[in-house]
Amino acid sequence: MDITKIIMNPVRLRIIQYLVLHGSASTGQIKEELTDIPPASLYRHIKILEEAKLIIVVKENKIRGVVEKVFQLNKENPLSQENSNENIKRVIDSSMLSIMSEFNSYLDKEENDPQKDLLFLSTSTLLLSDEEFTEFTKEIGEIFNRVLNYKKNDKRKVRRITVISSPCEE
C-alpha cells in the first residue's frame, strides 16, 4: 500500500484536516462540513483512509437500525516506519506533482480566470534563526486556525494554500 498516494488525494487531505481540527467525527458530521464532495465519494475516501489505518473507529452509534461510525486519526502513526529520507522524498515528490497537476488542470480550462480567482505563487527567502522560524510558523498557524472553521456559503469557495519550508543553497 502506497501511503503517499493515499494521503496526497485532496479529498482525503480535507478529511484528515477535519479530524485534526475536531478530534473525532462521524461520517455524517464530515459530510455536513465538506458539502462540495458527493456523499458516495466521501464514503469511499473515508473507507480508503480506514483501510490504510490512517483513521480508526473510536465509537459506533446505532441510529434507527444503522450503525454510524465515529472516526479519529490513528495516534499510532502508520507512517512512523516510513520516515527515512527516501520515503520523505517520495512524499515531497508526490506533493509537488499533485500541486503541479492541479495548477495545470485549472489553467487548461479557458473559462477559468486566474486573476479573478486570486491565483498566485510566491517564494521568499528568509534569514531567520531556528527560534525566529519557529515563532514565524506558529504565527502562520494562528492565522490558518482563524479561518479553518469557516462554513461554506454563497460567497465562500474552496481555496487551497500550500506552505512549504525548504532548504536553500548557501
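Residues that are touching a residue at least 24 places away in the same chain (Cβ under 8 Å) and within 20 Å of G23 (Cα to Cα) are absent from the range 132-141. Does S129 count as small (G, A, S), modelled with pLDDT of 90 or more and exposed (fewer than 12 other Cβ atoms within 10 Å of the Cβ)? In short, yes. Scanning the range 18-36 for residues being surrounded by 13 or more Cβ atoms within 10 Å (Cβ to Cβ), of a type outside the set (A, V, I, L, M), over 13 Å from Y150 (Cα atoms) and touching a residue at least 24 places away in the same chain (Cβ under 8 Å) gives a total of 4. Scanning the range 47-64 for residues that are more than 20 Å from N149 (Cβ to Cβ), surrounded by 13 or more Cβ atoms within 10 Å (Cβ to Cβ) and touching a helix residue (DSSP H, G or I) at 6+ places or on another chain (Cβ under 8 Å) yields I48, L49, A52, L54, I56.
Within the range 144-170, the set of residues being outside any loop (DSSP other than H, G, I, E, B), modelled with pLDDT of 85 or more and surrounded by 10 or more Cβ atoms within 10 Å (Cβ to Cβ) comprises F144, V147.
The values are calculated or read from the model by the stated rules, or taken from the named source; none is laboratory data. The model shown is predicted, which means the values in this text are computed figures rather than measured ones. In this analysis, Cβ positions are derived from the backbone assuming ideal geometry, glycine residues included, and neighbour counts consider all displayed protein chains.
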